[in-house]
Every structure is written in C-alpha cells, then in structure tokens.
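The values are calculated or read from the model by the stated rules, or taken from the named source; none is laboratory data. Because the structure is a prediction, the values reported are computed rather than measured. For neighbour counting, all protein chains shown are included, and Cβ atoms are generated from backbone atoms with ideal geometry for every residue, glycine included. For the accessible areas, the whole protein counts, side chains as well, though only heavy atoms, and no ligand, DNA or RNA atoms are used. Shrake-Rupley method; radii C 1.70, N 1.55, O 1.52, S 1.80 Å.
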Amino acid sequence: MRYKVIVIGAGMVGTSIAWHLQKNNSQVLLLDKKSPGLETSYGNAGLIQREAIHVHPFPRKLIELIKMLPNKKTDIRYRWPAVLRYQHALRQYWRFSAPFSVQKIEKEWQTLIEHCTSEHQKMITAADVEDLIRRDGWIEMHRTEDKFKTAVAVAKKAREQGVEHKVLSLAELKELEPNGNFAGFVGAIHWLNSWQVSNPGALVNAYAKSYQDMQGTIAKCSVKTILPDDNGWQVVTDDEIFYSDHLVVAAGPWSSQLIKPLGYNLPLFPMRGYHQHFETTEKNSINHSLIDMDKGFVMGPMQQGIRITTGAEVSVMDAEKDFGQLQAVLDIAKNILPLKDTVESDPWCGSRPCMPDMKPVIGASGKHNNLWFAFGHGHQGFTLGPITGRIIEELIHNKTLTVNVEPFNAQRFSKS
Ligand SMILES: Cc1cc2nc3c(=O)[nH]c(=O)nc-3n(C[C@H](O)[C@H](O)[C@H](O)COP(=O)(O)OP(=O)(O)OC[C@H]3O[C@@H](n4cnc5c(N)ncnc54)[C@H](O)[C@@H]3O)c2cc1C
C-alpha cells in the first residue's frame, strides 16, 4: 500500500506532524519502533514553555569553562568519548554561542516559541486531555542576589513578547509551595503563561489517539533504511517495506543516523538527561514545577510521582547510564522536599536532540524531492512539536507558512 506521507518517529514532534497532515486530508503512516511518546518525549520535565524565548548557549566565559573542568557540576557534565565524537558539533556550538550570534538566533527561535501554547491547545482540545494540563505556570528559584536581579530584569523585558511573570519573595514562594524548604534561596520568578503537563508520554499518546480517530495509521517497527524510488520513497523496516509520496524524518536524536546514507551529514548531537520519580505524599506534594536555577534541575508534580529531572550530560547515545549527576541533584532536592520512596528502581534517561546553532531543522531536505526533516529541537521539543507539525503540513501542502522556515533549513550547515 502506498501512503501520501510516511512520518518516521512518534515522539512529540513526529506525532504532531502526522496529526496535522491527517487532519488536512493526507493519508499518513506514522512509524516508530515503540508505541507513541515512549522515548525523549516521555521522560522530559513536561513544561510547555511559553517563557522560553532565550536559547541555551555554550558557556563562553573563562571562569565558567574552568568551573566545568572537574566535571562535578550538577547542571552540566560531560564524558570524554562524547566530547571526542561530537567535537566538530561542539566547536560549532561554541562559535554560535557568541553574544552577537545568539541575538540573531533568539529572534528566529522566538518565531516558533510564540505559537507553542496556542498550537498545543488545538491538539489538547481535539484529544480531549484537559486533565493532563495545568495552566498555573512554573517557578524559577534563585540562590544568589546577583543572578536573581539579572533574571528579574530579563523577565521584565520578556513582557514585550507576551511572556507573563510575577516576582516572588521567599514568603510568597512558601505560600504557593508550603511543603518546600527554601533555605538558601533568595527569591523566585513565577512564569505565569507556561504550562505543566502531568504525564508527557500520555499527552503524546493522546495526540496519537486523536490522529488515529481521524483514520491515521500507526505501525510499530524499526526503520532500517530509507530509499528514494521513481514515485517517492521506500521505507524498509525490520519486517515490511512501506511506500509513500512524501517522507518526513522526525526521529529525534536518532534522525541523523537515518539520513546519513542519503548523503546528509548534519551535526545533530545528544544531550542526555535523567529522571527519577518519588512517591507523592502529603508532606512533599507541590503545586508547580520548581527549577533550581543555580543547581540546574527540575522538581515536577507528575502522575507517576514527583519527577526529579537533571540538566545535561554530553554522552553518546548508547553509553551506559551514569547516575553521578542524578545522585548529586537528589542530595540537593531532598533538602527542598522530603523525598523518600522511589517509584522505579532504575532511573530513566533520554537524549535531547541538539543542533549547534540551538535551532531545530524544519523543512525540505534540500537534496531529495519530497523528503522533509523535523528534528533537533533540543531543550524544547515537547513545547515545539505542535507548531512544527503545523509548519510541515503547510510545506507539504504548499500553503502559506505560519512561520518563515528559512532560519531552520537543513542546508545551513553546509556553509559553516
Ligand atoms: C531530561 C529532559 C528534560 C526535558 N524537559 C523538557 C521540557 O520541560 N519541555 C520541553 O519542551 N522539552 C523538554 N525536553 C526536550 C524534549 O523532551 C525533546 O526535545 C523532545 O522530546 C524531542 O521530541 P522528538 O519527537 O524530536 O524525539 P523523541 O521523543 O525521541 O521521538 C523520536 C522517536 O523516533 C523513534 N525512532 C528513532 N529511530 C527510529 C527507527 N529507526 N525506526 C523507528 N522509529 C525510530 C523513537 O522510538 C522515538 O519514539 C527535555 C529533554 C530531556 C532529556
């Protein structure tokens, strides 16, 4: 059977693409080696981040680099095999993190972020999953006066872009989160129009069900090869070959390995994160996700329990789990909330799909007709899935675009 479009990858990005295409009368096949939403889109912090108008640059100040060297920081760690394997991408990342470059990148990035909540809302309504969404924001907590002052100034400026916040004293923070021990903190920022999802994997799964309700097809199989043929594309999986006119690669951190045999050498690199759930009790329940900005971790109220999510670890995709960073974070988190019984014995890990210029790849592949890319959303792929889905649908159906896709084109790295 020949499909109009095959989408590879049923994470937040691929599922949103399939949903938009099917809604607009394409006959779509969504392929994944697992059920929808079970990889990176499962284990994240579950924030739909309307406030995320700034990207995450590589540290550029000498003092910051020196602090990273002992590899004991809680927010970022690295493993030498990954530093060596991704050295080219990391060098590019460092270059793109120069202040003048970041300014331009952020302007482009913001054209996506501004649509995040409105685009999620359409899918939330269609999937009928209001119960998974909390619309009372999340809280950014600070431990030093200097950084807090800077963060408040940045937050005030963000109002110009429709990002709403409230500065919280420690007393106000305690009022919102009576179970927290905020000794060591100086204040917080409450981001008001960002959302918290109580089970990120369940949201992707609900979007996938909504897609199936529109007669979209899902097949669980591992894609081995993709090949152009006279009429479009052949997708060779472990047990079947599927055919389509258009092919979309939205396989998150695995995307680059799928397209490499076709001659695409994009500098996608993984940034791993870990999470562990703790049983929620009367004494540790929280009403908002709390981020410790100085230590770089998130505490989120999830259906499964309190989810403690780490910052970034530069490691290769198949590296053994290393719980050093998670353990360091848990020691700190346990001073803020009483966390006792773990929900699962083995903590989760997954990898953010990152590009050196901190922008996703969204658009035509460049070298092959009817081959489309949608990956590399880094720290905000859960937030940006739905707007990415809308853009890819508009591109394939040759419609007027909601967002200018030029800054996200796949060819931009052939020049650098
Ligand atoms: C610790 C952590 C916290 C985060 N917190 C947030 C947050 O709060 N908010 C936010 O917006 N983002 C967050 N992110 C980032 C976000 O999770 C990712 O950017 C996003 O999930 C990427 O979605 P995706 O659909 O591109 O990839 P994935 O969710 O990884 O989906 C890719 C899919 O492709 C499939 N696939 C791969 N190869 C093949 C193949 N050969 N054959 C078949 N299927 C294949 C995989 O099985 C997978 O299901 C966080 C990430 C981490 C790690």
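The table that follows gives values for the structure above.
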| item | result |
| --- | --- |
| Ordering of 65-71, 148-154 by packing [mean C-beta count within 10 Å, highest first] | 148-154, 65-71 |
| Relative contact order of the chain, defined on C-alpha pairs under 8 angstrom at six or more residues apart (%) | 27 percent |
| Residues whose placed amide H lies under 5 Å from that of Gly11, excluding near-sequence neighbours | Gly37 |
| Of Lys104/Lys156; Lys4/Lys220; Lys4/Lys224; Lys107/Lys174, those spanning more than 27 Å from alpha-carbon to alpha-carbon | Lys107/Lys174 |
| Separation of alpha-carbon centers, segment 384-416 and segment 9-55, rounded to whole Å | 15 Å |
| Stretch gain in nm, segment Asp331-Arg95, where the contour uses 0.36 nm per residue and the Cα spacing is subtracted | 81.5 nm |
| Kirkwood Rh and Cα Rg combined as Rg over Rh, evaluated for the chain | 0.95 |
| Tilt relative to the chain, helix 116-127 - C-alpha long axis, 0 to 90 degrees, to 10 | 70 degrees |
| Mean accessible surface per residue for segment 75-136, computed with a 1.4 Å probe while every protein chain stays in place, in Å² | 55 Å² |
| 0 to 90° range, to nearest 10: angle between helix 99-113 axis and the chain longest Cα axis | 70 degrees |
| Inter-probe distance in nm under a simple model that places probes 7 Å from Cα toward Cβ, at Glu320 and Lys260 | 2.3 nm |
| Dipole of segment 1-130, positive end: most advanced residue of Met68, Pro57, Pro36 [Cβ charges, Cα centre] | Met68 |
| Computed FRET value (nearest 0.05) for Val154 with Glu406, which takes r as the C-beta separation and R₀ as 35 Å | 0.80 |
| Charge tally in the Cβ shell below 11 Å around Ser285, where Lys, Arg are +1 and Asp, Glu are -1, Ser285 excluded | -2 |
| Carbon + sulfur, % of accessible area of segment 21-103 - ligands and nucleic acids excluded, 1.4 Å | 62 percent |
| The chain, helix-only ellipticity at 222 nm - DSSP H runs n ≥ 4, -39,500 (n - 2.57), divided by all residues, nearest 500 | -9500 deg cm²/dmol |
| About the Cα centre, charge dipole magnitude for segment 123-166 (Lys/Arg +1, Asp/Glu -1 at Cβ), debye | 380 debye |
| Angle in degrees between helix 87-96 and the longest Cα principal axis of the chain, rounded to the nearest 10 | 70 degrees |
| Net charge over other residues, Cβ less than 13 angstrom from the Cβ of Gln304 (K, R count +1; D, E count -1) | -2 |
| Gaussian network model of the chain, Cα within-10 Å springs - most flexible of Met358, Met12, Met317 | Met317 |
| FRET E, pair Asp346, Glu130, Förster distance 25 Å, beta-carbon r, rounded to 0.05 | 0.20 |
| For the chain, built as a Gaussian network whose Cα springs stay under 10 Å, the top-fluctuating residue of Ser101, Ser256, Ser16 | Ser101 |
| With every protein chain in place, segment 240-354: carbon and sulfur % of accessible area (1.4 Å) | 48 percent |
| Where only C-alpha atoms are counted, convex hull volume of segment 1-142 per residue in Å³ | 190 Å³ |
| Simple spin-label estimate for Gln161 and Asn369 in nanometres, 7 Å along Cα-Cβ | 3.9 nm |
| Centre separation in Å (Cα based) which lies between segment 154-216 and segment 81-149 | 13 Å |
